[in-house]
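Participant: Quick one: the structure is below, questions incoming.
The values are calculated or read from the model by the stated rules, or taken from the named source; none is laboratory data. What you see is a predicted model, and the numbers here were worked out from it, not measured in a lab. Don't worry about glycine lacking a Cβ; one is built from the backbone with ideal geometry, like all the others, and counts go over all protein chains shown. These area figures cover heavy atoms from the full protein model, side chains too; ligands, DNA and RNA do not enter into them. Shrake-Rupley method; radii C 1.70, N 1.55, O 1.52, S 1.80 Å.
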Amino acid sequence: MPLKALTGNESMAEAMRQINPDVVAAYPITPATEVVQIFSSFVADGLVDTEFVAVESEHSAMSACVGAAAAGARVMTSTASQGLALMHEVLYVAAGLRLPIVLCEINRSLSAPINIHCDHSDTMGSRDAGWIQIFSENVQETYDNVIQAMKIAESSRIPALVTTDGFILSHCLERIEVLEDSEVQSFIGEYKPAYSLLDIENPITVGPLDLQDYYFEHKRQEIEAMREAKKSIEKVNKEFGDRFRRRYDFFESYKLNGAEIAIVALGSTAGTAKVAIDSLREEGKKVGLLKLRVFRPFPYEKLCEVLQKFKVVAVLDRSDSMSSTGGPVFTEARSALYDLTTRPRFVNYIYGLGGREITESDIKKVANEALKISKTGKIKELVQYLGVRE
Amino acid sequence: MASLKELSKKKDLFAPGHRGCAGCSASIVVRQTLLACDTPVVCSICTGCLEVFSSIFPYTAWKVPLIHSLFENSAATISGIESAYRALKKRKRYTRDLKFIAWGGDGGTYDIGLQALSGAIERGHDFLYICYDNEAYMNTGIQRSSATPLGAHTTTSPAGSVIPGKQQNRKDLTNIVVAHNVPYAAQAIPSNWRDLTTKVSKALSIKGPTFINVLSPCVIGWGYEPSETIGISKLAVDTCFWPLYEVENGKYKLNYKPKEKIPIRKWMEKQARFRHLFKKENKKIIDEIQNETDRKWEKLLKLCEE
Ligand SMILES: Cc1ncc(C[n+]2csc(CCOP(=O)(O)OP(=O)(O)O)c2C)c(N)n1
Ligand code: SF4
Ligand SMILES: [Mg+2]
C-alpha cells in the first residue's frame, strides 16, 4: 500500500479524487477551504472528470448537491462551521429525500464571537438533521472514513458527514497509507440510484407537501432507516477491514480491559487521551478510553454493553448544548445507560472551545478525578469546564 | 410557433384536479409553458402557492419530473440537476436530451431566492427560470414582497389609518437579470398565450441561463372575481404596467404595443388591494403610480428603439 504524507484536508481531497464523484458543489471556508481548492485543481488538471459547481454560498452548495443527487448522481461536498450552519435547512432536505450525499466536514467553532479553530459545535448543531456522522482521530482515519462513508451512505440511502478536527488534523501532516485508485473504485462500486429525476419515462415528484396524514409515516421510515444504517456501517467496516487490513467499528475500546473508569472522547482528542492513559497505566491506575467514532446513528446498545461495567464514565465534549446540563455526547451516553440496574456514574467535561488546547495533563486530571469519584462515590460537579479561566 | 389548434392537440403535462383557487393564473402559466416544451423537461420549484396546490402527497399534477426542496433554492437545485445531467452524459450513463426549468414565485425569486438565482445565472447553467410573479407572498397569506406595487394593501403592508399600504415601488427584477448579460430574458402574461409560449420555446432553444418573468394575477391576493383573471392580465399590459418585451443578447424588443395606453387607475380599480387608494386623500399615490409607470414605459420604448 503506497505511503503518503498528507494533511487532513489533503487526505479528504485525495479520497474525493479517488472516488471521482459525478458532481461536487462546494464553497470555501476556513479550515475546509483547501479541500475545495485541491479538488478544483484536480478538476482543472483533468485528474477527475467530476462536474465541479463553484456555487455562491453553502446554502446553494447543499441545494445543488440535493438536485444532483435527486438526478441520480454520486455527489460530494465539503464545508465547516458557518458553512454547515448555513446549510442547516438543506441538510434536512437531503436526509428527508434519502439522498446519499457525502460531506467532508472540518470541525470548527461557531460565531459569535468569530473564531476559526476547532470545536464540535458546528457538527453537533446538525446532529438531528438525519445525517450519519463519523468522527476521525487522525489523518489516516479521516481518509479511510471518507471512502467508507460513500459506501455507507449509498447502501443505507442516508447522507453521511465525515468530520476531521479543524487545524489539529485538517492542517496536520501525517504519514498515511493510501489505497490504489482501482481499490477505491472497486470498494465503492458503481452507484445505482433507486430513483432519478432524469428518468423521463417514469416522471416522479420529489419533495411534495406532506401533511398530517402522511408526514409522520415518512419521518418514521427515515428514523427506521437510520436504525438500519447500523447494519450498513457494520458491513462496510468489515469489508473495509477484510480488504485493506484497517479495522473500524462504531467506537474503539482502548485499554478498557481491567479499567475501573472510562473516558469517552471523539476526534483528535482521543489521540491525546491514549497518551495520557498509557502513562496513567504505567502508574498502575486503572483507566481506559472509549473513542466514539460514529455519533449518528448513536450506537447506544453497544455502548451500554461496553460501558456498564465501569464505576465512573467521564465524557469529554468539545461543544456545549447550552442546556446548562452538559454537552451532547454526555447527555446521550448517560441516557443510553439509564435503564441498567447497575450503571456507572457519569461526569462531563466541556473542553477545547474555539481551539483551546487540550493537553495530556488535562486528561490525566479528568482520569484522576474519575478515580476519586469511583472511590468516594461523590460527585462535586456534574459538568466542568476544562482549561478555561473562570 | 405553434397555433392554438396545435397546442390543444398536445398532451397536457399539468393535470387538472389540483387545489389551486378557481381563476389562479399560476396554473395557466405552467400549463402553457409545458405545452410549449418540445424536448422533455425536468423542473424544480420553490415553496409557495404553486408547489403547495399542485403537489400534495400522494397526489401530483406534474407529469414531468419535479423537485421541490425549499423556498429559496429553486435555481441552486436546478443547477445541481443540470450539472448531474452533464456529468452523466459525459460519462455515457445518460443519453437523452433534456431541458431544465426552475420555477419560483416572486417571494422565492425577487426576495429570498435572488442570490441563488444570480449565482446560477452567473455560473452559466443551461436552464430556464420562470418567475410567476403574483406580487406578494400568497401562500402564507398575502404578505408584501419586493414585487408588490406601491400603495398595495398586503397583510404586512396593510392599508391603515396612517399608512396607506406599501410605501415603496416594486423591484425591477427583469432588468436585474438582464444586467447579468443573459442570452435571453423576457416578460410575459397569461392572457397572451401566443407570446408566452413563443417565449418559452425561444428560451429553451437558447443555450445558457434564460429568464421569463410572468405577471400572474392572484384572485385572493389582488381581490377580484375568478372570471376576471384574463381581463386583469390584459389590462396590466394595456396600461403599460407590465410591458411585454424581450431582451436577446442585450437587445431590447417590444413584443406588444397597446394601441391606446389605458390609465393605470382602470387596472387598479378592479382590485381590492388598491381600493383604499381611491379615497380622496390618497389620490396622489395613484398619480405617483401613473408617473412611475409612464417613466418606465418611456425608458423601455427608448431601449427598444420604438
Ligand atoms: C426560509 C423560509 N422562510 C419562510 C418560509 C415561509 N413561506 C413559504 S412560501 C412563502 C411565500 C411564497 O411567496 P411567493 O414566492 O411569492 O409564492 P406565492 O405563494 O405567492 O405563489 C413563505 C414566506 C419558508 N417556507 N421558508
Ligand atoms: S392564493 Fe392566489 S396564487 Fe395562490 S392558488 Fe389562490 S389564486 Fe393562485
Ligand atoms: Mg407571490
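Participant: Tell me, please, whether a residue that is in contact with a Cys (Cβ under 6 Å, 6 or more places away or on another chain) and either within 14 Å of another protein chain (Cβ to nearest Cβ) or buried (at least 21 other Cβ atoms within 10 Å of the Cβ) (or both) can be found in segment A:168-188.
Facilitator: For segment A:168-188, residues in contact with a Cys (Cβ under 6 Å, 6 or more places away or on another chain) and either within 14 Å of another protein chain (Cβ to nearest Cβ) or buried (at least 21 other Cβ atoms within 10 Å of the Cβ) (or both): present.
Condition check ((1) within 16 Å of ligand 3 (Cβ to nearest atom); (2) away from chain A (no Cβ under 14 Å); (3) not in a loop (DSSP other than H, G, I, E, B)) across all residues:
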{"residue": "B:140", "(1), (2), (3)": "yes, no, no"}
{"residue": "B:147", "(1), (2), (3)": "yes, yes, no"}
{"residue": "B:151", "(1), (2), (3)": "no, yes, no"}
{"residue": "B:161", "(1), (2), (3)": "no, yes, no"}
{"residue": "B:170", "(1), (2), (3)": "yes, yes, no"}
{"residue": "B:174", "(1), (2), (3)": "yes, yes, yes"}
{"residue": "B:181", "(1), (2), (3)": "no, yes, no"}
{"residue": "B:185", "(1), (2), (3)": "no, yes, yes"}
{"residue": "B:190", "(1), (2), (3)": "yes, yes, no"}
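Participant: Scan segment B:71-90 residue by residue and report those that are facing chain A (nearest Cβ under 7 Å) and open to solvent by 20 Å² or more (accessible area, probe 1.4 Å).
Facilitator: B:85, B:86, B:90
Participant: Right, next: If you check A:291, A:285, which single one turns out to be in contact with a helix residue (DSSP H, G or I) (Cβ under 8 Å, 6 or more places away or on another chain), among the basic types (Lys, Arg) and under 30 Å from residue A:149 (Cβ atoms)?
Facilitator: Residue meeting the stated conditions: A:291.
Participant: Tally time: how many residues in segment B:102-119 are open to solvent by 10 Å² or more (accessible area, probe 1.4 Å) and polar (S, T, N, Q)?
Facilitator: Counting residues in segment B:102-119 that are open to solvent by 10 Å² or more (accessible area, probe 1.4 Å) and polar (S, T, N, Q) gives 2.
Participant: Inside segment B:81-118, can you point out the residues that are of a type in the set (Lys, Arg) and touching a strand residue (DSSP E or B) at 6+ places or on another chain (Cβ under 8 Å)?
Facilitator: Answer for segment B:81-118, where residues must be of a type in the set (Lys, Arg) and touching a strand residue (DSSP E or B) at 6+ places or on another chain (Cβ under 8 Å): B:86, B:90, B:99.
Participant: On the given criteria, is residue B:201 away from ligand 2 (no atom under 16 Å from the Cβ), free of Cβ contacts under 8 Å to residues at least 24 places away in the same chain and either in contact with a Ser or Thr (Cβ under 9 Å, 6 or more places away or on another chain) or not aromatic (Phe, Trp, Tyr) (or both)?
Facilitator: When the stated conditions are applied, residue B:201 does not pass them.
Participant: How many of the residues in segment A:75-92 are crowded, with 24+ Cβ neighbours inside 10 Å and within 9 Å of chain B (Cβ to nearest Cβ)?
Facilitator: Residues flagged as crowded, with 24+ Cβ neighbours inside 10 Å and within 9 Å of chain B (Cβ to nearest Cβ) within segment A:75-92 amount to 2.
Participant: Out of all the residues in segment B:125-142, is one or more on the phi < 0 side of the Ramachandran plot, within 16 Å of ligand 2 (Cβ to nearest atom), surrounded by fewer than 17 Cβ atoms within 10 Å (Cβ to Cβ) and at pLDDT 95 or above?
Facilitator: yes
Participant: Moving on. Residues of segment A:331-390 being over 18 Å from residue A:286 (Cβ atoms) and among the aliphatic types (A, V, I, L, M), which ones?
Facilitator: A:333, A:336, A:337, A:340, A:350, A:353, A:358, A:379, A:382, A:383, A:386, A:388
Participant: So, one more: Just one of (1) within 16 Å of ligand 1 (Cβ to nearest atom); (2) outside any loop (DSSP other than H, G, I, E, B) trips up residue B:217, so point out which.
Facilitator: (2)
Participant: For segment B:124-155, enumerate the residues that are of a type in the set (Phe, Trp, Tyr) and more than 10 Å from ligand 1 (Cβ to nearest atom).
Facilitator: B:127, B:129
Participant: Also, quick follow-up: What residue, of B:13, B:4, B:50, is within 13 Å of chain A (Cβ to nearest Cβ) and either farther than 30 Å from residue A:55 by Cα or surrounded by fewer than 24 Cβ atoms within 10 Å (Cβ to Cβ) (or both)?
Facilitator: B:13
Participant: Moving on. Looking at B:246, B:269, which one is open to solvent by less than 100 Å² (accessible area, probe 1.4 Å), free of Cβ contacts under 8 Å to residues at least 60 places away in the same chain and either touching a helix residue (DSSP H, G or I) at 6+ places or on another chain (Cβ under 7 Å) or not charged (D, E, K, R) (or both)?
Facilitator: B:269
Participant: Residue A:12 fails exactly one of the following numbered conditions: (1) under 29 Å from residue A:355 (Cα atoms); (2) open to solvent by 40 Å² or more (accessible area, probe 1.4 Å); (3) in contact with a helix residue (DSSP H, G or I) (Cβ under 7 Å, 6 or more places away or on another chain). What is the number of that condition?
Facilitator: Failed condition: (2).
Participant: Separate question: Please determine whether any residue of segment B:21-40 is more than 16 Å from ligand 3 (Cβ to nearest atom) and within 25 Å of residue B:141 (Cα to Cα).
Facilitator: Checked segment B:21-40: at least one residue is more than 16 Å from ligand 3 (Cβ to nearest atom) and within 25 Å of residue B:141 (Cα to Cα).
Participant: With respect to the numbered conditions (1) more than 20 Å from residue B:235 (Cβ to Cβ); (2) in a loop (DSSP other than H, G, I, E, B); (3) touching a strand residue (DSSP E or B) at 6+ places or on another chain (Cβ under 9 Å), which one is the sole condition not fulfilled by residue B:212?
Facilitator: (2) is the only condition that residue B:212 fails.
Participant: Of the conditions (1) crowded, with 19+ Cβ neighbours inside 10 Å; (2) within 14 Å of ligand 2 (Cβ to nearest atom), residue B:19 clears all except one; give me its number.
Facilitator: (1)
Participant: Now a separate question. Quick check on segment A:141-159. Is at least one of its residues at pLDDT 95 or above, surrounded by 24 or more Cβ atoms within 10 Å (Cβ to Cβ) and within 14 Å of chain B (Cβ to nearest Cβ)?
Facilitator: yes
Participant: Among the residues of segment B:145-153, are any under 24 Å from residue B:200 (Cβ atoms), touching a residue at least 12 places away in the same chain (Cβ under 8 Å) and open to solvent by less than 10 Å² (accessible area, probe 1.4 Å)?
Facilitator: The answer is yes; a qualifying residue exists.
Participant: State all residues of segment A:348-390 that are touching a Leu at 6+ places or on another chain (Cβ under 6 Å) and under 23 Å from residue A:305 (Cα atoms); if no residue qualifies, say none.
Facilitator: Once the filter is applied, which keeps residues that are touching a Leu at 6+ places or on another chain (Cβ under 6 Å) and under 23 Å from residue A:305 (Cα atoms), segment A:348-390 yields A:349, A:367.
Participant: Taking the options B:56, B:78, B:130, name whichever one is in contact with a strand residue (DSSP E or B) (Cβ under 6 Å, 6 or more places away or on another chain) and under 19 Å from residue A:71 (Cβ atoms).
Facilitator: It is B:78.
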